[in-house]
Amino acid sequence: MIKKSIRLLQQEAAESGDHTLKRSLGAINLVAIGIGVIIGAGLFSLTGIAAANNAGPAVTLSFLVAALGCAFSALCYAEFAAMVPVSGSAYTYAYATLGEFFAWIIGWDLVLEYSVGAATVGISWSQYLVRFLGEFGLHLPPQLVKSPFETLTLQSGEIIRGWINLPAVLIILLVTAIIIRGTKGSALFNAIVVALKVGVVLVFIALGWKYIDPANYHPYIPANTGTFGEFGWSGILRGAGVVFFVFIGFDIVATMAQETKNPKKNMPIGILGSLIICTVLFVLFGYVLTGLSNYREFVNNAAPVATAIAKTPYKWLGIAIILAILIGYTSVILVDLLGQSRVFYSMSRDGLLPPVFSRLHQRFRTPSRSNIVLCIFIALFAGFVPISVVGEMTSIGTLLAFVMVCLGVLILRKQQPDLPRPFKTPFMPVVPILGIVTCLIMMVSLPAGTWIRLISWLLIGIVIYFGYGRKHSRLR
């Protein structure tokens with residue numbers, strides 16, 4: 001239960017020398033990183049699902065409710081990130097308020113979220129690439145787009161087994177190479193892909209707005225069917241739980257604290273700015289989507305955006321959406337790998353992981369060896385394990401981190417109320433308490449299988465902590 005003092009964390013943040021990450025990120029870079037991971041392919045699928053099954057056209061209200069839930073945690077993250085601008089995000093904050101063991105649990109939890117999540121997104125990226133190339137008559141050898149544990153039925157009816165998901169491996173290698181060259185280059189690449197995919201979303205909103213049928217908005221809040229969560233106000237709340245997962249990602253901004261110029265000012269801007277911009281885009285996107293097509297058309301519809309685009313004369317938008325999904329997935333992989341390596345960097349600096357994860361590249365000042373080790377691990381998963389096994393990473397890891405951060409703000413305000421706080425979470429203690437309650441409710445509602453995977457992973461982490469981390473802890 002030993003804790004790091006805030007003074008020690010601030011001293012680490014102020015260090016300069018061979019063991020310090022290079023500070024090259026400004027407020028705009030941080031906002032772009034946040035948007036880069038928040039806007040992913042989920043926007044193009046979950047919006048239709050929530051509208052069809054839960055909220056109808058009022059899915060726009062569901063976005064606002066979900067954003068409010070995220071805002072509670074975002075305000076707590078902003079206070080910590082401005083006060084303790086050190087890499088590691090929730091791991092570092094837990095170290096200062098809850099103790100080393102809880103910090104390890106959170107760090108290990110984030111490792112699961114970022115690494116397996118990046119592999120899963122890489123596999124999905126590969127599937128969308130195959131579909132995108134197919135639009136132009138280009139076809140990759142089928143054995144090179146599936147894992148050895150998957151089969152593919154050709155148009156001739158022949159069933160073949162995959163060898164390796166090569167596109168998934170290549171995108172992991174490419175993004176890792178960009179990351180190793182430094183956060184400035186990574187931020188530039190991320191800014192480009194963010195601009196492209198936000199552009200596609202804006203084009204969809206601008207062109208689709210002209211063809212909205214007002215009749216599709218009546219009734220705006222469909223009557224409840226008698227079952228909780230199926231339309232009505234309860235449907236809006238259930239829809240918020242569905243689209244909440246679209247917002248996840250702003251917390252990764254906090255892992256960039258030690259590479260940020262003027263973090264006390266820029267971290268809150270990055271965290272809250274990315275959340276606000278995405279909320280506005282999501283509400284407008286949902287409004288146009290349900291205005292182009294009646295929400296009932298999205299029932300059991302895997303491509304709701306394609307259905308909506310069919311109501312316009314712009315058929316080329318379908319290809320643009322696939323391109324936006326590819327771009328969106330690329331930036332999600334980028335930020336996932338960035339966040340993962342920075343958490344590992346912080347845990348290694350504290351002695352809880354081997355020193356290889358905190359050794360910096362002499363030229364680029366990045367944890368390149370950590371990047372390479374993680375790249376090999378994640379690429380193997382992406383290339384040789386089917387997506388059904390890797391699984392779609394749910395938000396349980398992120399929600400657990402949110403709870404810890406909100407709890408940490410409460411504890412620190414109680415134990416050390418006089419510490420300088422460049423940014424303060426407003427309406428204390430209401431905001432962090434609401435953040436904790438909201439996240440716990442969402443965690444409890446997740447499937448049992450998600451809990452089993454989380455607990456199994458944490459048990460492995462506990463064995464590693466007591467076998468290595470506890471003995472090598474620098475703080476001890």
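Throughout, read-outs are computed from the coordinates displayed, never taken from laboratory work. Just so it is clear, the structure is predicted and the values come from calculations on it, not from any experiment. Cβ sites come from the backbone with ideal geometry, for glycine too, and all protein chains shown count toward neighbours.
Summary table below
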quantity: ³J(HN,Hα), Karplus 6.51/-1.76/1.60, whole Hz, each residue of the stretch 71-80, x for Gly, Pro; calculated: 4, 4, 6, 4, 5, 5, 4, 5, 5, 5
quantity: Per DSSP, loop GluC sites (Glu not before Pro) in the stretch 125-180 with at most 13 further Cβ within 10 Å; calculated: Glu135, Glu158
quantity: Sequence of Trp209, Trp108 once ranked by neighbouring C-beta atoms within 10 Å, starting from the fewest; calculated: Trp209, Trp108
quantity: Estimated vicinal HN-Hα couplings, Hz - the stretch 428-438 in sequence order (Karplus 6.51, -1.76, 1.60; Gly, Pro = x); calculated: 6, x, 4, 4, x, 5, 5, x, 5, 4, 4
quantity: Charge dipole (the chain, unit charges on Cβ, about Cα centre) - positive-most of Leu61, Leu292, Ala177; calculated: Ala177
quantity: Greater than 19 Å apart at Cα, pairs in Lys210/Lys315; Lys4/Lys471; Lys197/Lys264; Lys4/Lys424; Lys264/Lys414; Lys4/Lys261; calculated: Lys197/Lys264; Lys4/Lys424; Lys264/Lys414; Lys4/Lys261
quantity: Residues whose placed amide H lies under 5 Å from that of Val145, excluding near-sequence neighbours; calculated: Trp163, Ile164, Leu166
quantity: Tilt relative to the chain, helix 448-464 - C-alpha long axis, 0 to 90 degrees, to 10; calculated: 30
quantity: Degrees, to the nearest 10: 166-180 long Cα axis against longest axis of the chain; calculated: 40
quantity: Proxy reagent accessibility, fewest Cβ within 10 Å first, across Arg342, Arg453, Arg363; calculated: Arg363, Arg453, Arg342
quantity: Amide hydrogen neighbours beyond the local backbone of Glu150, cut-off 5 Å, H modeled; calculated: Gly162
quantity: Degrees, to the nearest 10: 27-38 long Cα axis against longest axis of the chain; calculated: 50
